[in-house]
Amino acid sequence: MRELHLKMSMSLDGFVAGPNGESDWIFRTNDDEADAWSIASVGNASLHIMGSKTFHDMISFWPFVEDIFAAPMNDIPKAVFTQHGAASVDKTPSQASFDNSASSLQEGPKKKKPDAKVLKGWQDAYIAEGPMKDEIAKLKRQDGNPIIAHGGAGFARSLIATGLVDEFRMLVHPVALGEGLPIFTKLDEPLSLKLIETVRFPKGAVGEVYRPN
């Protein structure tokens, strides 16, 4: 049996992206220590799960760059969730998606030719097309290190609504967006959480880890 952890960056006023999905604000307040905290979370996973749009953005980016996050993102197996059938999942990397991801970084990475084995690892991702709660329960029954869930916001909202998230690993940035995409908006009732870890980083971001009471 393995746990499900949701790892997200969040603004001070509770948004995980701007109203049009903007994420450049995340990187303005990142630093090496915050990155190390995030890498420890991501690198400890036995499976990455995400929605289909996030999957397409990631398959178009991580196999093509040299970056401290690239190894854990590329090497750990993936599962992608869709409500529209396996044929709807785009497993072909796109230049436009790469450019969009790179544009949010303060220093745009140089694109490199991906290792064929790495790219195949992404393309071999498990397609979870059944009811989300059933698919999550099936994946959690397997042995291994935690499952790490990534966004986008809609996928995270649906995931939280299942009640199956065991740990919330939030990197809260000292930025107020005023409007944007929240993730705690599909709750049938208040979600009671216990704060088990808090770490402040040099540029003001705070790592917060919560578990359901």
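For beta carbons closer than 9 Å, sequence separation of 6+ or different chains, a first residue in region 139-166 that is on the phi > 0 side of the Ramachandran plot and a second that is crowded, with 20+ Cβ neighbours inside 10 Å and of a type in the set (G, A, S), the qualifying pairs are G144/A45. Of all residues in region 117-142, those satisfying the criterion of being within 17 Å of A156 (Cβ to Cβ) and aliphatic (A, V, I, L, M) are A128, M132, I136, L139.
Restricting region 1-52 to residues that are within 20 Å of T198 (Cβ to Cβ) and small (G, A, S) leaves a set whose member that is nearest to the chain's Cα centre (by Cα) is S9. On inspection, A116 qualifies as of a type outside the set (D, E, K, R) and at pLDDT below 95.
Can you work out which of the residues in region 126-159 that are of a type in the set (G, A, S) and under 15 Å from the mean Cα position of the chain (by Cα) is surrounded by the most Cβ atoms within 10 Å (Cβ to Cβ)? Only one residue tops the list, namely A149. Among the conditions (1) exposed (fewer than 11 other Cβ atoms within 10 Å of the Cβ); (2) on the phi > 0 side of the Ramachandran plot, the only one that G180 does not satisfy is (1). Is it true that E189 is surrounded by fewer than 15 Cβ atoms within 10 Å (Cβ to Cβ) and out of contact with any Gly (no Cβ under 6 Å at 6 or more places or on another chain)? Yes: the conditions hold for E189. Output the residue which, of all residues in region 1-28 that are crowded, with 20+ Cβ neighbours inside 10 Å, in contact with a Gly (Cβ under 8 Å, 6 or more places away or on another chain) and assigned to a strand (DSSP E or B), is modelled with the lowest pLDDT. Per the criteria, the residue is A17.
Can G163 be described as surrounded by fewer than 18 Cβ atoms within 10 Å (Cβ to Cβ), part of a loop (DSSP other than H, G, I, E, B) and in contact with a His (Cβ under 8 Å, 6 or more places away or on another chain)? Lay out the reasoning, then the answer.
Numbers: surrounded by fewer than 18 Cβ atoms within 10 Å (Cβ to Cβ): yes; part of a loop (DSSP other than H, G, I, E, B): yes; in contact with a His (Cβ under 8 Å, 6 or more places away or on another chain): no.
So G163 fails the test.
For region 84-103, a residue qualifies if it is of a type in the set (S, T, Y) and surrounded by 15 or more Cβ atoms within 10 Å (Cβ to Cβ), and the qualifying residues are S97, S101.
Just one of the numbered conditions (1) farther than 28 Å from S101 by Cα; (2) part of a loop (DSSP other than H, G, I, E, B); (3) among the hydroxyl-bearing types (S, T, Y) is not true of T185: (1).
The values are calculated or read from the model by the stated rules, or taken from the named source; none is laboratory data. Keep in mind it's a predicted model, so treat the numbers as computed, not measured. We place every Cβ from the backbone using ideal geometry, glycine too, and count neighbours over all the protein chains shown.
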